[in-house]
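Some notes on the structure that comes next.
The values are calculated or read from the model by the stated rules, or taken from the named source; none is laboratory data. Because the structure is a prediction, the values reported are computed rather than measured. Cβ atoms come from the backbone with ideal geometry, glycine included; neighbour counts cover every protein chain shown.
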Amino acid sequence: MAKATFFAAEGKKSELDLAPEIFDVQVNVPIMHEVVRSQLAAARSGTHSTKTRGEVRGGGAKPWMQKGTGRARHGSIREPSWVGGGIAHGPKPRDYSMRINKKERALALKSALSDRAREGKVVVIELPAFEEPETKRAVQLLEDWGASGKTLIVVSGEETEDVNLWKSFRNLPQVLAVTHPTAYTVLAAETVVFTKNALELLGKPDSKSKKEESQNAGLKGKAGKSVKAKPAAEAEAKPAKQEPTKAEVAVAEGADAKEGEPA
């Protein structure tokens, strides 16, 4: 079972068992590579753009006649071969994002965390209280935790409300504090530091996603089968059947009489 070093708020050091389904899985390098590529691609803005010969201003007239000058034939001074002309096959604004399944993204994160845990680079802490922003104290805490080089600090959503804490760590260029770690941020860090609250929430689905799943799942019957809710129009009571009018009764009687006559 994977273990991590635990540092209490008062500085006491001990060992803590990590969840094997998250920190002790088989490392899948191809999946990590694919997910990291997708995350780096999604970070690209994709706003690069160049002008083609049709978008560059000018060049509407033929520079010289086709024959008789001894020069090469040209139709516009905005051709890609001319200085100041358009760009042939240049970049245009595009979306670089790649589609990755949820299970692949989750497996990549578990593989990255398992790799760091086997190297002994996962630390669990209890954050002490900061009465005021103090970067010097933050540096001392990192040294006490054994976090050297690039460090990823994973905190819970409630802990982000501590302004003094954020201001104490944000001035350190080698420290990145997040609430939701990704495969790329874990692999890019030499040491991964989890707060105790963040470690407990790791792997648990958000309450918002649970609510959406329950709404999309439909109603469950007694037999356990999914029962779709009927639309409001179908749910309303059907109108009572109207009685036939006198004209309709007369037409129906006439048709019956004709059917009864002998051929």
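Quick look at the values:
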item	result
Matching entry among 76, 111 (being at pLDDT 95 or above, closer than 30 Å to residue 7 by Cβ and either under 33 Å from the mean Cα position of the chain (by Cα) or not acidic (Asp, Glu) (or both))	111
Those residues of segment 1-50 which are farther than 26 Å from residue 123 by Cα, in a loop (DSSP other than H, G, I, E, B) and not small (Gly, Ala, Ser), in sequence order	44, 47, 48, 50
Set 76, 97: member being within 30 Å of residue 202 (Cβ to Cβ) and part of a loop (DSSP other than H, G, I, E, B)	97
Residue in segment 62-79 that is closer than 28 Å to residue 142 by Cβ and of a type in the set (Lys, Arg) present	no
Which listed residue is farther than 30 Å from residue 183 by Cβ and surrounded by 12 or more Cβ atoms within 10 Å (Cβ to Cβ), from 84, 60, 70, 75	75
Residue that is among the basic types (Lys, Arg), surrounded by 10 or more Cβ atoms within 10 Å (Cβ to Cβ) and under 30 Å from residue 109 (Cβ atoms), where the choices are 37, 53	37
Residues that are over 33 Å from the mean Cα position of the chain (by Cα) and either among the hydroxyl-bearing types (Ser, Thr, Tyr) or in a loop (DSSP other than H, G, I, E, B) (or both), drawn from segment 127-148	131, 132, 134
Some residue of segment 110-119 being assigned to a loop (DSSP other than H, G, I, E, B), farther than 30 Å from residue 10 by Cα and free of Cβ contacts under 8 Å to residues at least 40 places away in the same chain	no
Criterion (in contact (Cβ under 8 Å) with a residue 24 or more places away in the chain and part of a loop (DSSP other than H, G, I, E, B)) met by exactly one of 57, 53	53
Scope segment 103-121; condition more than 12 Å from residue 187 (Cα to Cα) and surrounded by 22 or more Cβ atoms within 10 Å (Cβ to Cβ); matching residues	none
All positions within segment 5-40 that are under 23 Å from residue 128 (Cβ atoms), among the hydrophobic types (A, V, I, L, M, F, W, C) and touching a helix residue (DSSP H, G or I) at 6+ places or on another chain (Cβ under 7 Å)	7, 18
Search result, residues across segment 164-190 that are in a helix (DSSP H, G or I) and free of Cβ contacts under 8 Å to residues at least 12 places away in the same chain	166
Residues being exposed (fewer than 13 other Cβ atoms within 10 Å of the Cβ) and either in contact with a strand residue (DSSP E or B) (Cβ under 9 Å, 6 or more places away or on another chain) or under 15 Å from residue 13 (Cα atoms) (or both) - total across segment 135-149	4
